[in-house]
Amino acid sequence: DTEVTQTPKHLVMGMTNKKSLKCEQHMGHRAMYWYKQKAKKPPELMFVYSYEKLSINESVPSRFSPECPNSSLLNLHLHALQPEDSALYLCASSQVLGETQYFGPGTRLLVL
Amino acid sequence: QKEVEQNSGPLSVPEGAIASLNCTYSDRGSQSFFWYRQYSGKSPELIMFIYSNGDKEDGRFTAQLNKASQYVSLLIRDSQPSDSATYLCAVLPLSGGGSYIPTFGRGTSLIVHP
């Protein structure tokens, strides 16, 4: 089973809203990732967690705040987003860093 | 700067033909190579990975790796309209080299027409 789940599938939010994206995997993977993808572009890495610790933050604006409450769960908290933040947000996981990544279905975010 | 290059396409092939997708990379120390398929509006789905020089076959898909020439390719035999998608090449550097994160190419759009 290589399933990564993400909720919600779609999200529309205003620039003053606070919302959260959720990602879950039960494969025992210890590395989890957040990516942002715009149309016709490759996934762009945002954050990496390894063994529940933030390993990489790719200079992402502070209006995006990641959280890894346990080894199966990864959240992305959103606050005061801009319309240009509208994109497909992808979660991925791998056994450990440097191993094959498996992507969740993504959350399509629209910021109005 | 690690780079992964793919022709953006679209690559158009008739149904039943062989589709050949190519990817070149700049980091000679790269060790792991992945092909993902991404349908429009959906997330990337792992198709194949390859670590060693040569060919690796899985059903209608064959990945080919040539480390000396720094390219990896994906062949799709008996192409079907359902294969129409964007194919992303991802390359991982040698572990311990300071980065455990794959570099993605921009993807090649494949269109299989009936």
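The values are calculated or read from the model by the stated rules, or taken from the named source; none is laboratory data. Remember, it's a predicted structure, so these values are computed and weren't measured experimentally. Here the Cβ positions follow ideal geometry from the backbone for every residue, glycine too, while neighbour counts run over all protein chains shown.
Being in contact (Cβ under 8 Å) with a residue 12 or more places away in the chain and away from chain A (no Cβ under 11 Å) is a property that residue B:67 has. Per the listing B:12, B:8, the residue uniquely within 14 Å of chain A (Cβ to nearest Cβ), polar (S, T, N, Q) and out of contact with any Phe, Trp or Tyr (no Cβ under 9 Å at 6 or more places or on another chain) is B:8. Taking the criterion of being farther than 21 Å from residue A:44 by Cβ, of a type in the set (Phe, Trp, Tyr) and over 10 Å from the mean Cα position of the chain (by Cα), would at least one residue in region B:17-27 satisfy it? Scanning region B:17-27 turns up no residue that is farther than 21 Å from residue A:44 by Cβ, of a type in the set (Phe, Trp, Tyr) and over 10 Å from the mean Cα position of the chain (by Cα). Going through (1) among the charged types (D, E, K, R); (2) within 14 Å of chain A (Cβ to nearest Cβ); (3) surrounded by 18 or more Cβ atoms within 10 Å (Cβ to Cβ) one by one, residue B:83 falls short only on (2). Mind counting the residues in region B:19-34 that are away from chain A (no Cβ under 11 Å) and either of a type outside the set (Ser, Thr, Tyr) or buried (at least 17 other Cβ atoms within 10 Å of the Cβ) (or both)? Final tally of qualifying residues: 10. It is to be established whether one or more residues within region B:50-58 are over 12 Å from the mean Cα position of the chain (by Cα), modelled with pLDDT of 95 or more, more than 14 Å from chain A (Cβ to nearest Cβ) and within 24 Å of residue A:5 (Cα to Cα). No. Taken together, B:75, B:92 contain a single residue that is within 11 Å of chain A (Cβ to nearest Cβ) and not charged (D, E, K, R), which is B:92.
Scanning region A:38-54 for residues that are modelled with pLDDT of 95 or more and on the phi > 0 side of the Ramachandran plot turns up at least one hit. Considering region A:31-112, the qualifying strands (runs of 3 or more DSSP E), each wholly inside and each with 3 or more residues that are crowded, with 21+ Cβ neighbours inside 10 Å and within 13 Å of chain B (Cβ to nearest Cβ), run over A:31-37, A:44-50, A:87-94. Only residues that are in a strand (DSSP E or B), within 13 Å of chain B (Cβ to nearest Cβ) and more than 10 Å from the chain's Cα centre (by Cα) were counted in region A:21-30, giving 0. Condition check: in contact (Cβ under 8 Å) with a residue 12 or more places away in the chain, over 14 Å from residue A:91 (Cβ atoms), surrounded by fewer than 20 Cβ atoms within 10 Å (Cβ to Cβ) and not aromatic (Phe, Trp, Tyr). Does residue A:20 satisfy that? Answer is no for this residue.
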